[in-house]
Amino acid sequence: MPVSTTEKMPFGLSFDIGYRRFGTCFYERNEQEFTILYWSRKDFGVDPRHPDFDHCFARFMFKLFLLLDTLTFGQDVTNVLIERQVFRNPKARLIQTKLMNVLNQFKDREVRGIRTGIRKVTTVHANSKRSWYKRQALEFKIKRGRAGYDARKKAAVTATEMLLPGSSLASWKKAGAVADLADCLVQALAFEFCLKKNNKKMK
């Protein structure tokens, strides 16, 4: 979706958390348009229970922000979105905590020569994607909790298929891990276009 304005626009970063990989969507937007700048699934290579996890994970995140720094020309990332992990999934909760610790290092300061700063880190409930589906007049039957996991993944994939133009759709499917990429994209769309007015409630 091309952007037709030359005004400075806010950048955002949306994560779909996995045990060893992140779905990552980096984007910019104005009031009505949304442009994907970087969209990939990245492997940080170490199980969270590994003794070297903290070091490897931090290195992975610094490399990611080096890339983002080149895309933003040193401008701040306005919002970083992380899907809120449930208490019954302690491994994912651990990764969420580690991720937030690293992200907070980038708030309002330069780290190892990286100029890109972060203004706000927000955790977003998985059910927030329903607001985007409603905006797009899409109806999915999704149960809450663990029983609805597969249906939530399928819904995000279906919504993404309807959104992307042909060439982008082919690239997305070729990349693999389509559900992870769809999740982080739909999470970003839901937050930016449906939930921002209520983001004080999402802490």
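Which residues' amide hydrogens lie under 5 Å from the amide hydrogen of Arg84, considering only partners 5 or more residues apart or on another chain, with H built in the peptide plane?
So Arg84 has HN proximity to Val124, His125, Ala126.
In 5 Å bins starting at zero, report the fraction of Cα pairs in the stretch 11-201 per bin as a rounded %.
1, 7, 16, 21, 22, 17, 11, 4, 1, 0
So what J values fall out for the stretch 47-61 if you push phi through Karplus, 6.51 cos²θ - 1.76 cosθ + 1.60 with θ = phi - 60°, rounded to Hz, Gly and Pro as x?
5, x, 8, 5, x, 9, 4, 4, 5, 5, 5, 4, 4, 4, 5
For a protection proxy built on the mean count of beta-carbon atoms within 10 angstrom, sort 177-185, 88-96, 149-157 highest first, please.
Working: 177-185: 23.1, 88-96: 15.2, 149-157: 17.6.
Highest to lowest by the protection proxy: 177-185, 149-157, 88-96.
No value in this document is a laboratory result; all are computed from the given coordinates. Here the structure is a predicted model, which means the values were calculated and not measured. Methodologically, a virtual Cβ is constructed for each residue, glycine included, from the backbone with ideal geometry; neighbour enumeration extends over all protein chains shown.
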